[in-house]
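Presented below is the structure to which this report refers.
The values are calculated or read from the model by the stated rules, or taken from the named source; none is laboratory data. As the structure is a computational prediction, the values presented were derived from the model and not from experiment. Glycine gets a Cβ as well: all are built from the backbone with ideal geometry, and neighbour counts include every protein chain shown.
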Amino acid sequence: MLLLRLALRNLLRQKRRNLMLGSAMAIGVAILVTAGSFSAGVSDIMFNKIMRFITGHVAVRFNERGGVMREIFRDRGRILAAVQGDPLIEEWYESVAMFARAIGNGKSDNIILVGMDASKGEATRADWEASFRLVEGDWASLVDGTLENPAVFSQEKARSLNVKMGDVVRVRFRDMFGQDQAARLTVAGIMRNDNIFMQPVVFLELERCKRVLGYRPHETASLSLQLKDARRDAAAVAARLHARLAPGTAVIPASAGGRPVRLYGYRSDPGSREKLLASLRLKAGSQERALRRDGVLVPEGLAAALRLSPGGKLKVSWPRKFGEGPAEASLTVSAVYAGGPPGAPVLLNDRLFYGLYYPDLPAVPSDPDPPAGWAALLSPEWTLLERTFTTEDYKKKYQEIARDKHRGTTVDVSTMYETASDILKLEHVLNVITLSAVLILFFIILLGVVNTLRMTIRERTREIGTARAIGMQRRDVRDLFLLETLLLTVFSSAAGVLAGFGAMALISAPVFHPKDNPLGMLLVDGRVYFLPTFAGIAASVLLIIAIALATAWFPARRAAAMSPAQALRHYG
Amino acid sequence: MNIIEIKDLRKDYPLGATIVPALRGVDLAVEEGEFMSVIGPSGSGKTTLLNIIGCIDHATAGSVKIAGSEITALDDRAVTDIRLHRIGFIFQTFNLIPVLDVLENIEFPLLLMKRPAAEARRRAEKLAEEVGLSSYVRHRPAELSGGQRQRVAIARALVTAPAIVLADEPTANLDSVTGASILELMREMNAVEKTTFVFSTHDAGVLRYARRIVRIKDGLIEKEPVAA
């Protein structure tokens with residue numbers, strides 16, 4: 001209490017000097033709080049308003065048969081079962097999007113067709129409405145059954161296509177299977193958004209969008225997952241999901257000539273082919289032709305029963321998981337084998353196998369009891385790509401997909417940290433700016449505290465000598481100066497925090513509507529967005545206090561180390 | 001019983017490349033309850049002697065015992081404790097803490113001793129009354145005259161009931177009337193509290209108050225005793 005009383009009174013005693021230093025500290029804290037809140041605001045926008053819509057916090061991407069544009073997975077329910085079981089996943093969205101050429105009234109332009117899931121409830125819809133404000137029409141029109149493919153356009157696209165509410169826009173696009181398609185959209189809404197990246201986007205209701213783009217109801221595009229706490233949980237959720245999506249061995253349980261047969265794909269890479277040939281004894285057909293891309297290897301028992309020989313046709317049919325009636329295929333026998341996998345299955349080159357398997361998934365698509373020891377040679381249900389942790393590795397992964405390396409559907413689980421690191425770099429830049437503010441602040445405090453304490457100690461040398469002569473310990477002298485610095489810093493920080501809030505209110509007061517400016521994406525409702533957090537402010541204040549105390553430590557210790565006799569002799 | 005025992009005390013001050021001897025072998029014994037004056041001209045070593053007795057300066061050589069304890073080998077923490085518990089100081093320039101009022105200045109050493117605040121306050125009030133400052137307890141040093149400030153300093157020196165009170169030229173900054181009243185007060189306290197007082201002066205006029213006078217010149221005790 002004695003030290004506290006002395007410290008408080010000493011602060012008041014040197015009002016002007018402490019006011020100057022305190023003001024510098026308060027300005028520093030205000031800058032720190034403002035910069036930190038701006039950085040947190042930008043992070044919030046990026047994580048919760050941009051990343052969430054572009055990639056999701058965690059993304060599950062599918063590329064069927066290695067096709068970069070072929071973002072489709074044929075068993076939507078199976079994937080959703082894996083996703084929906086995770087309590088950390090707040091919401092999931094199907095990311096359905098396609099580049100298209102739109103033809104309006106005498107004008108055409110490029111657009112991106114994006115599916116918007118209207119089934120996610122009021123909260124999600126309100127979120128969309130807040131992010132993409134309509135200037136004409138309403139979001140409910142997207143599910144209006146009386147309109148032909150109702151769509152919401154941005155003001156910029158509506159202008160460039162010369163269309164208004166109710167007009168029909170024709171779109172041409174190449175679908176994921178490489179086929180040219182066309183569709184008609186009705187302008188049901190026009191939105192204004194300040195995010196330049198969202199201007200080419202045309203929203204359709206998800207199910208209609210999927211139908212237009214060629215998806216069947218049981219199929220899904222890539223999934224974007226929204227987490228409750230993306231920063232904390234993204235990596236863990238991705239890892240868990242990755243483990244949960246481990247594929248089984250793909251199989252087509254079929255019948256041929258009234259006999260049950262099992263069709264497996266074999267991996268067609270050179271190493272697997274070599275191993276496979278070494279494991280089989282060919283009874284008919286040559287080694288050169290046995291593994292041809294369009295041929296099948298038939299076990300000798302089935303060949304004998306159906307009187308099949310190389311060049312003959314094996315007709316198979318199997319019950320489908322989706323759709324009515326069985327699927328059928330006629331396969332060319334390339335060889336007859338003995339030995340091989342237990343159960344004597346029919347073996348297909350993986351390209352051929354997946355060509356049958358994916359479009360008409362069998363009722364039981366995964367073999368619960370695959371042939372022992374053969375899993376490494378047989379085709380899996382899909383190819384689960386390794387998790388990558390850097391953007392470089394992520395890019396390499398997709399370059400391999402583009403090089404047609406994978407035969408099956410690739411399934412990739414990624415987090416925003418890999419997929420959109422360029423956007424996240426902006427956050428790092430802001431952190432660097434904040435850090436620079438901290439460094440400037442550090443020097444202000446360093447110079448201010450050191451100079452003030454030096455002057456103070458010089459002026460109060462006799463007082464220090466008196467206190468020491470009376471019986472004050474060195475430690476108490478040191479603590480007195482540290483306490484004065486601490487009090488000054490705490491009061492200054494409190495003033496700085498208030499000033500920071502004032503500055504934020506001032507900066508976020510004007511409303512902007514930047515056109516064609518990427519910085520527009522950093523605005524919320526046209527205003528500069530700040531997100532002050534208790535943790536952020538507390539960290540700033542603690543940082544300032546730590547800097548001030550560290551700076552004050554040495555002068556305070558020097559004051560404490562003075563000999564009382566020397567201090568009492570001081571005249572200054 | 002000797003409260004202070006000094007043998008062959010030497011103190012040198014380095015001054016650039018040369019060494020200036022301030023005390024050159026002082027022997028002195030002070031009995032408990034004495035009211036003693038150390039006199040001598042400026043630069044004779046009075047303040048140095050008091051500083052060493054008061055544990056605020058170190059001896060270059062020799063022995064100094066306070067209440068039987070050798071102090072020359074103690075570390076800073078221990079000598080600070082001795083200053084706090086056994087010694088009271090009265091300075092020529094009063095040396096009060098400017099941000100504290102009269103009562104707070106007086107109770108300051110007690111609070112350093114971690115005495116309960118209420119007890120410290122009671123003791124400070126009693127001392128303030130004894131030195132005649134009851135009406136000024138809420139005044140800060142800047143609002144007091146020189147004599148009043150020195151009374152505060154006396155009260156502060158006595159508040160811990162120390163064994164020794166050292167006063168370095170306590171009247172040097174006061175007019176003669178005030179100086180006389182301060183010396184009267186010190187003598188009264190010596191009589192009432194039985195505290196040993198050692199004060200330095202170079203003013204021959206104050207010698208009549210001392211019961212024992214030690215004359216110091218060029219760092220040596222010249223003549224003892226000088227009858228009061």
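Only one entry of A:Leu161, A:Leu223 meets the criterion of being crowded, with 22+ Cβ neighbours inside 10 Å, in contact with a strand residue (DSSP E or B) (Cβ under 6 Å, 6 or more places away or on another chain) and closer than 28 Å to A:Arg61 by Cβ, and that entry is A:Leu223. When A:Pro532 is tested against (1) more than 29 Å from the chain's Cα centre (by Cα); (2) outside any helix (DSSP H, G or I); (3) of a type outside the set (D, E, K, R), exactly one condition is not met: (1). Of everything in region A:342-396 that is aromatic (Phe, Trp, Tyr) and closer than 17 Å to A:Arg61 by Cα, the residue that is surrounded by the most Cβ atoms within 10 Å (Cβ to Cβ) is A:Trp382.
Sort out which residues of region A:239-259 are among the small types (Gly, Ala, Ser) and part of a helix (DSSP H, G or I), and write them in order of number. A:Ala239, A:Ala243, listed by residue number. Among the residues of region A:1-17, those that are assigned to a helix (DSSP H, G or I) and either more than 14 Å from chain B (Cβ to nearest Cβ) or free of Cβ contacts under 8 Å to residues at least 12 places away in the same chain (or both) comprise A:Leu2, A:Arg5, A:Arg9, A:Leu12, A:Arg13, A:Lys15, A:Arg16, A:Arg17. The residues of region A:266-281 that are surrounded by fewer than 19 Cβ atoms within 10 Å (Cβ to Cβ), touching a residue at least 40 places away in the same chain (Cβ under 8 Å) and outside any loop (DSSP other than H, G, I, E, B), listed by number, are A:Ser272, A:Lys275, A:Ser279, A:Arg281.
Of the helices (runs of 4 or more DSSP H) lying entirely inside region B:43-132, those carrying at least 2 residues that are over 29 Å from B:Leu183 (Cβ atoms) are B:76-86, B:117-130.
When the residues of region B:47-68 are filtered to those that are of a type in the set (Gly, Ala, Ser) and more than 9 Å from chain A (Cβ to nearest Cβ), the one that is surrounded by the most Cβ atoms within 10 Å (Cβ to Cβ) is B:Ala59. Checked across region A:341-351, the condition of being within 25 Å of A:Arg244 (Cα to Cα), free of Cβ contacts under 8 Å to residues at least 40 places away in the same chain and assigned to a loop (DSSP other than H, G, I, E, B) holds for no residue. Assess whether B:Ile106 counts as being at pLDDT 90 or above and either more than 7 Å from chain A (Cβ to nearest Cβ) or in contact with a strand residue (DSSP E or B) (Cβ under 9 Å, 6 or more places away or on another chain) (or both). Yes. In a residue-by-residue description of region A:18-36, the property of being within 14 Å of chain B (Cβ to nearest Cβ), at negative phi, out of contact with any Asp or Glu (no Cβ under 8 Å at 6 or more places or on another chain) and not hydrophobic (A, V, I, L, M, F, W, C) applies to at least one position. For region B:7-42, the tally of residues that are in contact (Cβ under 8 Å) with a residue 40 or more places away in the chain and not in a loop (DSSP other than H, G, I, E, B) stands at 21.
Within region A:154-211, count every residue that is among the small types (Gly, Ala, Ser) and closer than 17 Å to A:Glu136 by Cα. Residues in region A:154-211 being among the small types (Gly, Ala, Ser) and closer than 17 Å to A:Glu136 by Cα: 6 in total. With respect to the conditions (1) in contact (Cβ under 8 Å) with a residue 12 or more places away in the chain; (2) within 15 Å of B:Phe35 (Cα to Cα), B:Ala191 lacks only one, and its number is (1).
For the residues A:Arg70, A:Arg78, the requirement of being closer than 18 Å to A:Pro247 by Cβ, at pLDDT 85 or above and either assigned to a loop (DSSP other than H, G, I, E, B) or under 21 Å from the mean Cα position of the chain (by Cα) (or both) singles out A:Arg70.
Scanning region A:132-158 for residues that are among the small types (Gly, Ala, Ser) and free of Cβ contacts under 8 Å to residues at least 12 places away in the same chain yields A:Ala140, A:Gly145. Quick check on region A:92-145: of everything there that is β-branched (Val, Ile, Thr) and assigned to a strand (DSSP E or B), which residue is nearest to the chain's Cα centre (by Cα)? Here the residue is A:Val114.
In this structure, does B:Arg86 turn out to be within 14 Å of chain A (Cβ to nearest Cβ), surrounded by fewer than 23 Cβ atoms within 10 Å (Cβ to Cβ) and without any contact (Cβ under 8 Å) to a residue 24 or more places away in the chain? No: the conditions fail for B:Arg86.
A search for C-beta distances below 8 Å between a residue of region A:555-566 that is within 13 Å of chain B (Cβ to nearest Cβ) and under 16 Å from A:Arg462 (Cβ atoms) and any residue that is assigned to a helix (DSSP H, G or I) and of a type in the set (S, T, N, Q), counting only pairs 6+ apart in sequence or on different chains, returns A:Met562/A:Thr461; A:Ala565/B:Asn51.
Those strands (runs of 3 or more DSSP E) of region A:166-238 in which at least 1 residues are among the polar types (S, T, N, Q), considering only elements entirely within it, cover A:180-192, A:222-227. May I ask you to list the residues in region A:105-133 that are crowded, with 16+ Cβ neighbours inside 10 Å and within 20 Å of A:Asp525 (Cβ to Cβ)? Listed by number, the residues that qualify are A:Thr124, A:Arg125, A:Asp127, A:Trp128, A:Ser131, A:Phe132.
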